[in-house]
1. Scan the range 537-547 and tell me whether some residue there is in a loop (DSSP other than H, G, I, E, B), surrounded by fewer than 22 Cβ atoms within 10 Å (Cβ to Cβ) and without any contact (Cβ under 8 Å) to a residue 24 or more places away in the chain.
2. Here are 682, 639, 635, 645: which of them is surrounded by fewer than 16 Cβ atoms within 10 Å (Cβ to Cβ), assigned to a helix (DSSP H, G or I) and under 33 Å from the mean Cα position of the chain (by Cα)?
3. Taking the range 59-92, which residues are out of contact with any strand residue (DSSP E or B) (no Cβ under 8 Å at 6 or more places or on another chain) and either at pLDDT below 95 or on the phi > 0 side of the Ramachandran plot (or both)?
4. Can you name the condition, by its number, that residue 240 falls short on among (1) surrounded by fewer than 24 Cβ atoms within 10 Å (Cβ to Cβ); (2) in contact with a strand residue (DSSP E or B) (Cβ under 9 Å, 6 or more places away or on another chain); (3) at pLDDT 95 or above?
5. Tell me, yes or no, whether the range 704-716 has at least one residue that is farther than 30 Å from residue 510 by Cα and touching a helix residue (DSSP H, G or I) at 6+ places or on another chain (Cβ under 9 Å).
6. Identify all residues within the range 462-484 that are under 23 Å from residue 160 (Cβ atoms), without any contact (Cβ under 8 Å) to a residue 40 or more places away in the chain and either buried (at least 19 other Cβ atoms within 10 Å of the Cβ) or out of contact with any helix residue (DSSP H, G or I) (no Cβ under 9 Å at 6 or more places or on another chain) (or both); write none if there are none.
7. Within the range 402-416, which residues are in contact with a strand residue (DSSP E or B) (Cβ under 7 Å, 6 or more places away or on another chain) and part of a loop (DSSP other than H, G, I, E, B)?
8. Check residue 83 against each of (1) surrounded by 16 or more Cβ atoms within 10 Å (Cβ to Cβ); (2) more than 22 Å from the chain's Cα centre (by Cα); (3) not in a loop (DSSP other than H, G, I, E, B) and name the one condition it does not meet.
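The values are calculated or read from the model by the stated rules, or taken from the named source; none is laboratory data. If you're wondering where the values come from, they're calculated on a predicted model, not measured in any experiment. No Cβ is skipped: glycine too gets one built from the backbone with ideal geometry, and neighbour counts run over all protein chains shown.
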């Protein structure tokens, strides 16, 4: 079974960059999912905080939940860690399983350590083993982390820190709480608001402080927000999608049990509170009464009850919606139901005790379980309406368009025109309407082909924010907006350049063409090269990501969004001392050590030359972002020399006269993407002295670029040798949300972009 989850598109991210990023700033800091109740936010604008039980009624912030979570990690003292590799040693695969052969050759060591992490009961011990696993993953040369969202110069009307800044899940797409000015904010005023946020965060007073400051400075607020989209939703069924382009469009239409607010705190939505049993296995939620479902025309349909959350998860499992992997093996009997070993959903650990009491039962205590609730699998679904739309039938109408869903969130979709506009109107009957600052949200289509359009729309007031490229930055300065230019914050999304380890397809699916120009000999030689570790490393070490980024964002911020790891280095840190063998040396990582520091220690012990951790980066306590630790031209040449020798022994000659050819698809209708492709080609071919050639494969249609890989569900369909359109954003507060995307046997959400499974 292919488990697919929240996969992100780089052009989608660039198209929506600033409107969404307005409330998310800089590098993520410590996350402690084992001390539930707060989402880690971005640093320094949103440190992890524990929520109070209530706060003043005259603010625009929902009161926080009272947390009683017995699943929290309570380990104290030092841990002597010995990895248990028995699960990997016991693996058995069919001798004819080619996908496994390719996977094991490239990612076997990674999987070995990941399985050991899964077997480790201690939370800090898990983090250490996961960091060691990621080191093996990066050493595989299967992909290159390229960038994250944000880190670009921008102009914006959105007031910073007024939307959710949680690093995972969907809550950062809930724009109802946003404050938007009629005027573009200056950088100086943004800096003042940042300082105010740091001063008052956790008190629930930031909104009032921000409003007072804005009024004093002469800003005026409006109740509308306009942004962009670059891809139509493929479905309007939140439980039957894994793609960010879909979820982002659907999230404003429904509420879950609770969500993370602008200060990273857990706040009530449909739930009013929850408790956890002493053994950490049973989570019991109390639901608020009087929350209603509405049709698209605003008619009341039914009350939201606990059974709607049971129905939602059953539908997710029955349709294999793509995010069921999150709870497979976590919720009791979820795995057995998904595998067909049991057929009665009543045996699965989700139950409506009564209309307003919902209960989840787990297989084992899971420290990060509560951090999952802001994501697709925990969305509600009304059983009667779902059945009226055809239920699970193949020709069912549910989710086919905005008129075939129900609404229990702050917005109803009032208009949807394909590749043109999506409009959201505030539901006047929404149960929490007093917290809805934005009454209308408008998304206008922008495929990125005109690199000046977003800026011109912001200038004219028909869009509220945008990132600036070198062309539009100059325009902004000439138009008198220099004082409004600021550097947008980054988040936990990781975009990558993926290598196709077992290419089978040479034409893009859905009849978009983009046919490879290679002859059969070149195809065979490239395939042989891509199976060689030294060749893959040579290629990845040859890429100058500063130059790669500069084409899109300009030289002065070209490193701001560069990421050197898959999991951000500051995503988690240890809560106790852990001693483990690193490369034959007993090494102790103290409590407070970041994930990235452990990852770097393993890379160094393994002799890898890449640098993924800057101990003084970020705000001075370390970062895996903001520098290029992979661009190593001399190492690239050394690795290529090793690859040439090994390939020659296998009968493949590599030279400037007979180079390895790498197909690289790009979006040619965009001047910036075309320029970036040309720069990448020049860069790689120069470093590798013409022994590797990039075939630039153009498409004038952005959908063709997507269908070359991003929209493919299986490795056999992807059409490239190297692809940089896709990436991953976290679903919950544990590094497994990244690492599990590279699981074998069709269970990894991103292995298909490597050409396998």
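1. no
2. Only one candidate qualifies: 682.
3. 59, 60, 72, 73, 74, 75, 76, 77, 92
4. (2)
5. no
6. 472, 477, 480 - these are the residues of the range 462-484 that are under 23 Å from residue 160 (Cβ atoms), without any contact (Cβ under 8 Å) to a residue 40 or more places away in the chain and either buried (at least 19 other Cβ atoms within 10 Å of the Cβ) or out of contact with any helix residue (DSSP H, G or I) (no Cβ under 9 Å at 6 or more places or on another chain) (or both).
7. First, the residues of the range 402-416 that are in contact with a strand residue (DSSP E or B) (Cβ under 7 Å, 6 or more places away or on another chain): 402, 406-408, 410-416.
Selection gives 406, 408, 410.
8. Answer for residue 83: the failing condition is (3).
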